[in-house]
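Rule-based calculations on the coordinates, nothing more; no lab input. In this text, all values refer to a predicted model and were calculated from it rather than measured experimentally. Cβ atoms come from the backbone with ideal geometry, glycine included; neighbour counts cover every protein chain shown.
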Amino acid sequence: KVHFIGDCKVVNGLCHTHGYSVSKTVRCSKSPLTDEEWAAAWKLVQEAFPEGQSNPWVNGWWPETLEEAEKVAGMYKRKMGEAVSSFRARQRAAMENYERAAGKAAYNYRRYVVGEYEKGRKMREAVGIA
């Protein structure tokens, strides 16, 4: 599969644009993206283009006009934006789950601690220890 991370054409762990080995955690040395941005863009491009992208010169696609080039760049931007929206929705759902879990865990921990306190209090009363 071919994926473009910015101007880096990535195929099988190699940036064909600049000739560097790359991965999700190892960015192309020539990329203007920071390490964190590269890792995020890597995930986004996988989400946006699960089947990969057109591979210029290999499958014959190449923009012939400026309008065509702008259209393709715009489609890339739109797909990446959709991937961001998808990640945002999953993150929102995850945060809601964390909040719900924290509330339930705190509630049940309180029930446990108070219950243990009550058991201990009853035992102390039964043996006459106050």
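Rounded to the nearest 20 debye, the dipole magnitude of segment 1-61 is 160 debye, with +1 charges on Lys and Arg beta carbons, -1 on Asp and Glu beta carbons, and the Cα centre as origin.
Projecting the Cα positions of 33, 10, 46 onto the charge dipole of segment 1-61 (unit charges on Cβ atoms of Lys, Arg, Asp and Glu, taken about the Cα centre) puts 10 furthest along the positive direction.
The GluC sites (Glu not before Pro) of segment 1-102 that meet both conditions, a loop assignment by DSSP and at most 10 other Cβ atoms within 10 Å of the site Cβ, are 51, 64.
Stretching residue 109 away from residue 1 to a fully extended chain increases their span by 34.0 nm, per 0.36 nm per residue minus the current alpha-carbon distance. Largest first, the extents of the alpha carbon coordinates of segment 63-130 on the three principal axes equal 94, 10, 10 Å. By definition, a body whose alpha carbon gyration tensor gives a ≥ b ≥ c is oblate when a/c is 1.5 or more and a/b is not larger than b/c, and segment 1-61 fits this oblate description. As a calculated quantity, the FRET efficiency between residue 129 and residue 102 at R0 = 30 Å, using C-beta atoms, amounts to about 0.25. For the chain, lysine pairs with C-alpha atoms less than 13 angstrom apart, excluding pairs fewer than eight positions apart on the same chain, total 5.
Anisotropy class assigned to the chain is prolate, per the alpha carbon gyration tensor with a/c at or over the 1.5 cut-off and a/b larger than b/c. Overall, the chain carries a charge dipole of about 940 debye about its Cα centre when +1 sits on the Cβ of Lys and Arg and -1 on the Cβ of Asp and Glu, all other atoms neutral.
Between residue 95 and residue 12, full extension at 0.36 nm per residue minus the direct alpha carbon distance yields a gain of 26.5 nm. Summarising the label geometry, the points placed 7 Å from Cα in the beta-carbon direction at residue 116 and residue 65 lie 7.5 nm from one another. With unit charges on the beta carbons (Lys and Arg positive, Asp and Glu negative) and the dipole taken about the Cα centre of segment 63-130, which residue among 114, 72, 91 sits farthest to the positive side? Projecting each Cα onto the dipole axis, the largest value belongs to 114. Using a Förster distance of 22 angstrom, determine the FRET efficiency expected from the C-beta separation of residue 25 and residue 78, and round it to 0.05. Between residue 25 and residue 78 the formula returns 0.25. Taking the longest Cα principal axis of the chain as reference, the axis of helix 35-48 is set at about 80 degrees.
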